[in-house]
Amino acid sequence: MFRNLLIIPCLIGFVGTASAQNAKNDKTSPATGKQQEKTIDYKQKGAPLPAVKFFTSDGKYLTNETLNNDANLFLMLFNPTCEHCEDMTVKLKEHISLFKQSNLVLVAGSAMAPYFEYFTNNTRIKDVPAIRLAVDSSNYIEKTFHYRDLPQINIYNSDRQLLRTFNGSIPMDSLKQYIQ
C-alpha cells in the first residue's frame, strides 16, 4: 500500500516533465495557434541582417531597403567617446577610396547621440560623405554586439548575410578582402 502511494507522485512527476518537454519542443503559440518563428542568432556567421532602422546625423532613416545594393555592407558599432573607435574611423577615412561600392555605416546606441558632435569634430567624418553616421533605433546593437572590444565591424554580403565580425583595432589588410 505504501509503495503504491510513492508510485503515484513519481508517475505524476514523470508525466508533468514529459508534458513540459513536449510543450518546449512545440513551436506553436497557444494564444494564436500559429507556428512561432525560429530564434535567430544574429551573431553567427551566415545570419541574416536583422530588420534595422538607423537614424542618420543628417536626419534620414537607413533601413534594410535603403542599405540594399549589390555590394558588401560594413556596419561599425562604436561609441563616439571611444579612442579606438576614433582611430578606426580615421583609418577608414584614409582608405575610403577602396570602398567604391560597399556601404559603410557607423552605428551607435541612441544614448550616444549627444556625443556625435564631439566625435565628428575629432574625426572630421563630415569631410567623407561615403561614411554615414547613425543612431540605432531598432535594437540592432543588442542583437549583434559581441561585448568585446570596440569598435566592432560586422560585414554582410550583398544578400545581407553575416560574413565576418571584427573587434578592436582592425588592420585594413584584414578588411580589404571584403571591400568591393
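The values are calculated or read from the model by the stated rules, or taken from the named source; none is laboratory data. Here the structure is a predicted model, which is why all the values come from computation and not from measurement. Positions of Cβ are generated from backbone atoms using ideal geometry, with glycine treated the same way; all protein chains shown enter the neighbour counts.
The number of residues in the stretch 139-173 being in a helix (DSSP H, G or I) and either of a type outside the set (Ser, Thr, Tyr) or under 15 Å from Thr56 (Cα atoms) (or both) comes to 6.
So is Asp87 of a type in the set (D, E, K, R) and either at pLDDT below 95 or part of a loop (DSSP other than H, G, I, E, B) (or both) or not? Working first, answer last.
Details: of a type in the set (D, E, K, R): yes; either at pLDDT below 95 or part of a loop (DSSP other than H, G, I, E, B) (or both): no.
No, not satisfied.
Could you count how many residues in the stretch 90-138 are charged (D, E, K, R), part of a helix (DSSP H, G or I) and surrounded by 18 or more Cβ atoms within 10 Å (Cβ to Cβ)? Total satisfying the criteria: 0.
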